[in-house]
Amino acid sequence: MIVAIASGKGGTGKTTVAVNLALSLAPDPGKPASTSVHLLDCDVEEPNAALFLHPEIQQRRAVGVLVPEIDFAKCTYCGRCAEVCQYNAIAVVQQKVLFFPELCHGCGSCTLNCPEGAIRERLRASAVLERGTVGQRLSFAQGTLNVGEAMAAPVIRQLKQWAIPKRTRRALVILDAPPGTACPVVEVMSGCDMVLMVTEPTPFGLHDLRLAVQVARGEMGLPVAVVINRDGVGDRGVESFCAAEDIPVLMRIPMDRRIAEAYSDGKPMVEAIPEYHPRFRELYDRMREVAAP
């Protein structure tokens, strides 16, 4: 099963849920595992799951997008490359070709459409992917955008291709998504079996939850369930919304000082407060029911 842990807004606790869910389901060292667990931190602009897991990184690779490189000995300045570029990354002005790499999506249209064959592609590195293990218990991977880069979606796509196992029938793949509802979140949700929304019982939490549910369920047709974090503060707007939309609330995490202290110390909840270990395993069982066809 592949599940995206998402939220409409930042700071709701989705990384907390993703990390503790993974640790609760990861097999103990030396014991046979019925399900392999893989956690991918797909918030490539601000990855932070590693702060709690302390993984041993075993592989690194630079990734990015293929951008055009122009052979001016062949170029006739016909302007065809600029005509087909949907992102205005190329402009032809008289006898000059202007290229703006920050706008390029690496689609390859300019290369395919150049009548003179004057364009080839080269890799423009924009991020680093890393993967390894947390002890011998679970697999971990993350992507980190280079400073100043804005194209998160292609990096997330390459992270998923690199780190998700080819066969997932006996594997649980947890994708810690970035906040919001923009293209990077859509890229994370693509190919998932379900989306677990982490929200908080506040007007802001409800507003952004509505948007995220519309994307996941309305636009992408994925099953959606909710975890309410900091339960007990705010109001009951989230509860009412979930009831009206027939969205199951699978877990409630209370406003607990012990959780905040563990978080500030960089300790996973299930290790600092062992009573949460079976609760996250129960969450997984309920997630499987939601994801089942």
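Laboratory data are not the source of any read-out in this text; all were calculated from the coordinates shown. Bear in mind the structure is a predicted one, so any value in this text is a computation, not a measurement. Cβ coordinates were reconstructed from backbone atoms using ideal geometry, including for glycine residues, and neighbour counts include every protein chain displayed.
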Matching label for the computed Rg and Dmax of the Cα atoms in Å, out of [x] 21.8, 70; [y] 17.5, 52; [z] 18.4, 63, is [x]
For a label point 7 Å from the Cα of Phe72 along Cα→C-beta, name the residues of the range 98-136 whose backbone N is under 17 Å from it. 98-101, 118-120
Whole-Å distance, taken between Cα centres, linking the range 156-178 and the range 11-29: 15
For Ile253, what residues show an amide H to amide H distance below 5 Å, using hydrogens built from the backbone and excluding near sequence neighbours? Ile228, Asn229, Arg230, Asp231
Label 7 Å along Cα→Cβ of Tyr87; the range 164-184 residues with amide nitrogen under 20 Å? 178, 181-184
Rounded to one decimal in nm, the spacing of the 7 Å Cα→Cβ label points at Ser190 and Glu46 is 2.4
Can you list, largest first and rounded to whole Å, the semi-axes you get for the range 72-117 by taking the square root of 5 times each eigenvalue of its Cα gyration tensor? 16, 12, 8
At 7 Å along Cα-to-Cβ for each site, give me the label-to-label distance between Glu116 and Asp246 in nm. 6.1
Separation between Cα centres of the range 100-128 and the range 215-293, rounded to whole Å: 42
For the range 167-183, take each phi angle, set θ = phi - 60°, evaluate the Karplus expression 6.51 cos²θ - 1.76 cosθ + 1.60, and give the result in whole Hz per residue in order, putting x for glycine and proline. 10, 10, 4, 10, 10, 10, 10, 9, 9, 7, 7, x, x, x, 9, 7, 3
What do you get for the angle between helix 14-25 and the principal long axis of the chain? Use alpha-carbon atoms, 0 to 90 degrees, nearest ten. 60
Spin-label point model (7 Å from Cα, Cβ direction): what's the Val147 to Leu103 distance in nm? 2.6
Calculated from backbone phi, Karplus (6.51, -1.76, 1.60) coupling profile of the range 242-258 in Hz, x at Gly/Pro: 5, 5, 5, 9, 6, 9, x, 9, 8, 7, 10, 10, x, 6, 10, 4, 4
The set of residues whose placed amide H lies less than 5 Å from the amide H of Leu39, leaving out same-chain residues fewer than 5 positions away, is Ser139, Phe140, Ala141, Ile174
Where a label projected 7 Å from the Cα of Gln59 along Cα→Cβ would reach, residues of the range 166-181 with amide N under 16 Å: 166-168
Under the Karplus relation 6.51 cos²θ - 1.76 cosθ + 1.60, θ = phi - 60°, what is the ordered set of whole-Hz ³J(HN,Hα) values for the range 40-45, x standing for Gly and Pro? 10, 8, 8, 7, 6, 7
